[in-house]
Amino acid sequence: QVQVVESGGGLVQAGGSLKLSCAASGRTFSSYAMGWFRQAPGKAREFVAAISWSDGSTYYADSVKGRFTISRENAKNTVYLQMDSLKPEDTAVYYCAADPRLSAVRTGASAYWGQGTQVTVSS
């Protein structure tokens, strides 16, 4: 069983930065792929970024590539999402996801999800 809790959301102006954190419980964190999804009002949840457990490979949605960076710190059971050059269209609730299978994380089929943290980007 893995529990994940997001933090770090807030209000920022366009062009600014935020860093989200996702703290996971469980001694097997280092063997879980981790990812971030987001859901804007009236829209479906969409993939943002993922990181593998084995070699730290990273994957991004085209809409955030070059602006967002996902990273993990296994010693702290934490995954991060550094968000730079934020745009109003990045406004959404951001969710952290965890699963032993990278494919599940990338497709939204993760076994474990956090409650989400709100990110609002003003123009």
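The values are calculated or read from the model by the stated rules, or taken from the named source; none is laboratory data. Just so we're clear, the structure is a prediction, and the values are computed from it rather than from any experiment. Methodologically, a virtual Cβ is constructed for each residue, glycine included, from the backbone with ideal geometry; neighbour enumeration extends over all protein chains shown. Note: accessible area is taken over every heavy atom of the protein model, side chains too, but ligands, DNA and RNA are not part of it. Shrake-Rupley method; radii C 1.70, N 1.55, O 1.52, S 1.80 Å.
Expressed as a whole percentage, what fraction of the accessible surface of the range 1-109 belongs to carbon and sulfur atoms when a 1.4 Å probe is rolled over the protein heavy atoms?
48 percent
Probe of 1.4 angstrom, ligands and nucleic acids ignored: what's the accessible area per residue over the chain, in square angstrom?
50 Å²
Roughly speaking, what is the stretch gain from Ala44 to Arg101, that is 0.36 nm per residue apart minus the C-alpha to C-alpha distance, in nm to one decimal?
Result: 18.3 nm gained on full extension.
With the contact rule set at Cα under 8 Å and sequence spacing of 6 or more, what percent relative contact order holds for the range 13-123?
Normalised by residue count, the contact order of the range 13-123 is 34 percent.
Report Rg/Rh for the chain, rounded to two decimals, where Rg is the Cα radius of gyration and Rh the Kirkwood radius.
0.94
Along Cα→Cβ, 7 Å out, is where each label goes; now give me the distance between the ones at Gln82 and Ala14 in nm to one decimal.
Those two pseudo-labels are separated by 2.4 nm.
Name the residues of the range 83-104 whose amide N is less than 13 Å from a point 7 angstrom out from the Cα of Ser25 along the C-beta direction?
Under cut-off, by backbone N: nothing.
Tell me the label-point distance for the pair Glu89, Ser7, using the 7 Å Cα-to-Cβ offset, in nm and rounded to one decimal.
If labels sit at Glu89 and Ser7, their model points lie 3.2 nm apart.
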